[in-house]
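A short worksheet on the structure shown next.
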Amino acid sequence: MNFFIRSLLLLSLACLPAVQAADSGWLRDAQNNHADVRLRSAPQGSTTQLLLDIRLESGWKTYWRTPGEGGVAPTIHWQQSGIQSEWHWPTPARFNVSGITTQGYHDRVALPLRLHNVQGDRLAGTLTLSTCSDVCILTDYPFSLDLSQPGDAEFAADYSRAMAQVPVAAGLTDSLSASYVNGELQIRAQRQAGWQHPQLFFDHPSGTIIGKPTLNISGNLLEARAPVTDEWGESTPALAGETLSLVLADSGMAQQSETRLGSQALFSSQGQSFLFITLMALLGGFILNLMPCVLPVLAIKLSGLVQQPAQTRRQTRQQFLASGAGIITSFLFLALLMSALRLSGQALGWGIQFQSPVFLLLMVLVTFLFSASLFDLLHFRLPSSFNTRLATQGSKGLSGHFTQGAFATLLATPCSAPFLGTALAYALTAPLPQLWLLFLCLGIGMSLPWLLVAALPGIARCLPRPGRWMVHLRTLLALMMLVACFWLLSLLVAHWGHTVVMLVAGAMVVLMSGWLIKHGAWRQATAVFFTVTLTAAWLLITRVPSGVDALNWQPLSEDAISVAQASHKRIFIDVTADWCITCKINKSRVLASADVRNALAAEDVVLLRGDWTHADPILTQFLQRRGSVAVPFNQIYGPAMPQGQILSPLLSRDAVLSALSRAKEKQ
């Protein structure tokens, strides 16, 4: 009897699946062992509920309804025609790999569906699922469910739990507005309870790609900016007036919203008024005169005054006005260049011409010829239409002074001064009329010292009486220009290699020294030899890895930032370039100091570095997403600073240490 009862109990247990909801069991494809899927279903009135469970191996992900810049959303192809699928999507996560941002899920996710027009007791189809890690696999999972089985409490609970993860239609924001301005999506959201760790996910309008948003929190106000391009990453589509669908999440709550895109800016690129940005452009341009980049050209101008001590106030005023005009005209030419690059869909950035070996070679030749001119070895004339000498003795025309101003602008472009980066970042994303106006202000700001001398020419006349000291000063200025020449030549190492650059440098030294000896200038030839030797030694020393270079720097990427943030690490980002003088100043004066180096070497600090010496579209996009177009660029993330803090282009020891301290998770 006991045996009979036990047999009945075992038979009952074996038949339990038959009284549960239709269940495919866990499915796995032989070609993809990184994902398991399971489909369960139960009728619910006139509709049929379907629950898709996805279980992913660690490090693998699948995609949301809008994957982002890459990926494929899950789909089901039904064997029965006429079935209508209503997918419900839980709040996704954002992934960043090699500069590409995607939206999806990792680990485990349950996607609830409601089906309409299901006929009969059999539900069959094929699920197509994309799973990605370093590679992506598109897998088909055929399935068949027996709908004659009634639903059970477990399925109902799992379905309700999955629906609870789907964003609600209201309750998170008190107000929400969005605008599309010149390739940038701007969103403003207000929440009375304030914001903690907000996240934004977008349904991309047809034919467009929306990049990773940059968020700024100010009390109960959230401001977000995101770059928008077409599907090829080139032109900016016209979206004003279109309806934008998005999900905004914060602290475990998510809201699905739709809003019509306006055409008026909700805020400037840096949250500042245009008048304030204009003042920053003027100040940033003025500070460029204090950077070492412009020193050689100031030397040329000083040399011109030394050569003509007896000139009239009118002549002095005209010469400095011509130089100022050269600076302003050059900035307007840069505005024209930036406009052309933007309209053609090319990368924009301050100093990007120094990434070109052709431009560097041209600058090397120009500075070499200027140095020869200051040594009084070369007297050359521009074409007859100009009819003037270029920065040489006896020139009464103004074209040479105009050229000096233009040359000063070219040499200023590898420098990023305080206030300059903010003004440039706004200008290069602003409407074209504002771009031109801001570049004009930059030119006026840089030309202010020159215009001051033009207004008060007596300042330029406060020089000692002519004498032998002028010859020595001219030699010193020529040597300074020669140092600039060999510094520019050293930048070609990244393009030509050390051997070729050393051969070219040796040929230039021999040419200049032989030229001087031929003219009987033995002292100047000796000075050239020692100056070049010291310059070479200095360049070699600066290229030797310093203490800060010996730290554990890792390649910069959005994915590396995400991984470090997930591990609750502090992150120090350094974007630099060989041609960036401000970068070298930051390294030697701040980053290489003992206390900053010790802070960067802490166990919870991850160091990420990007090199912009060569053109790098991914790195350019990285900078643009953060509202920057120039190097140096430094940013700090941390548990207490999840949105990151961008530091001033000209670093200070206290600012770096303070930001690192604030980024640390509070105990």
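The values are calculated or read from the model by the stated rules, or taken from the named source; none is laboratory data. All of these numbers come straight from a predicted model, not from anything done at the bench. A quick note on method: Cβ atoms are made from the backbone with ideal geometry, for glycine too, and the neighbour counts reach across all protein chains shown.
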- Assess whether SER130 counts as being among the small types (Gly, Ala, Ser), under 37 Å from the mean Cα position of the chain (by Cα), surrounded by 15 or more Cβ atoms within 10 Å (Cβ to Cβ) and within 30 Å of ASN33 (Cβ to Cβ). yes
- How about the range 350-445: which helices (runs of 4 or more DSSP H) wholly inside it have at least 1 residues that are at pLDDT 65 or above, among the polar types (S, T, N, Q) and assigned by TED's automatic domain parsing to the domain that holds SER513? 357-374, 399-412
- Query: Going by the conditions given, is THR236 at pLDDT 75 or above and at negative phi?
  - Reply: no
- Task: Mind listing whichever residues of the range 182-198 are of a type in the set (A, V, I, L, M, F, W, C) and not in a loop (DSSP other than H, G, I, E, B)?
- Result: LEU185, ILE187, ALA189
- When the range 621-660 is examined, which residues are found to be touching a helix residue (DSSP H, G or I) at 6+ places or on another chain (Cβ under 8 Å) and in a helix (DSSP H, G or I)? PHE622, ARG653, VAL656, LEU657, LEU660
- Item | Among (1) at pLDDT below 75; (2) more than 30 Å from PHE320 (Cβ to Cβ) - the single one TRP515 does not satisfy | (1)
- Task: Just need a number here: residues in the range 155-181 that are of a type in the set (Phe, Trp, Tyr) and either within 12 Å of GLN264 (Cα to Cα) or in a strand (DSSP E or B) (or both).
- Result: 1
- Message: From the list TRP522, TRP538, exactly one residue is at pLDDT below 80, of a type in the set (Phe, Trp, Tyr) and touching a Leu at 6+ places or on another chain (Cβ under 9 Å). Which is it?
- Response: TRP522
- Query: VAL118 versus (1) over 47 Å from the mean Cα position of the chain (by Cα); (2) surrounded by fewer than 18 Cβ atoms within 10 Å (Cβ to Cβ): which is the lone unmet condition?
  - Reply: (2)
- How many of the residues making up the range 515-524 are surrounded by fewer than 19 Cβ atoms within 10 Å (Cβ to Cβ) and touching a helix residue (DSSP H, G or I) at 6+ places or on another chain (Cβ under 6 Å)? 1
- Message: Taking the criterion of being within 27 Å of SER257 (Cα to Cα), outside any loop (DSSP other than H, G, I, E, B) and touching a residue at least 40 places away in the same chain (Cβ under 8 Å), would at least one residue in the range 115-127 satisfy it?
- Response: yes
- Task: Search the range 169-180 for residues being hydrophobic (A, V, I, L, M, F, W, C) and touching a Ser or Thr at 6+ places or on another chain (Cβ under 7 Å), and hand back the single one that is surrounded by the fewest Cβ atoms within 10 Å (Cβ to Cβ).
- Result: LEU176
- Quickly run through the range 587-620 and pick out the residues that are in a loop (DSSP other than H, G, I, E, B), farther than 17 Å from ALA659 by Cα and in contact (Cβ under 8 Å) with a residue 60 or more places away in the chain. TRP612, THR613, HIS614, ALA615
- Message: Condition first: within 20 Å of CYS580 (Cα to Cα) and at pLDDT 80 or above. Can you find one or more residues in the range 454-477 that meet it?
- Response: no
- Please state which of the following conditions ASP134 fails to meet, knowing it meets all the rest: (1) in a strand (DSSP E or B); (2) of a type outside the set (Gly, Ala, Ser); (3) out of contact with any His (no Cβ under 8 Å at 6 or more places or on another chain); (4) farther than 12 Å from LEU51 by Cβ. (1)
- Residue hits (the range 142-201; touching a Lys or Arg at 6+ places or on another chain (Cβ under 6 Å) and free of Cβ contacts under 8 Å to residues at least 12 places away in the same chain) are none
- Query: What number goes with the only condition from (1) part of a helix (DSSP H, G or I); (2) at pLDDT 85 or above; (3) crowded, with 21+ Cβ neighbours inside 10 Å that PHE572 does not pass?
  - Reply: (1)
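Could you tell me whether ARG40 is within 26 Å of the chain's Cα centre (by Cα) and either closer than 27 Å to THR214 by Cα or crowded, with 20+ Cβ neighbours inside 10 Å (or both)?
No, not satisfied.
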- Scan of the range 95-114 for residues that are among the polar types (S, T, N, Q) and part of a strand (DSSP E or B), ordered by number: ASN96, THR101, THR102, GLN103
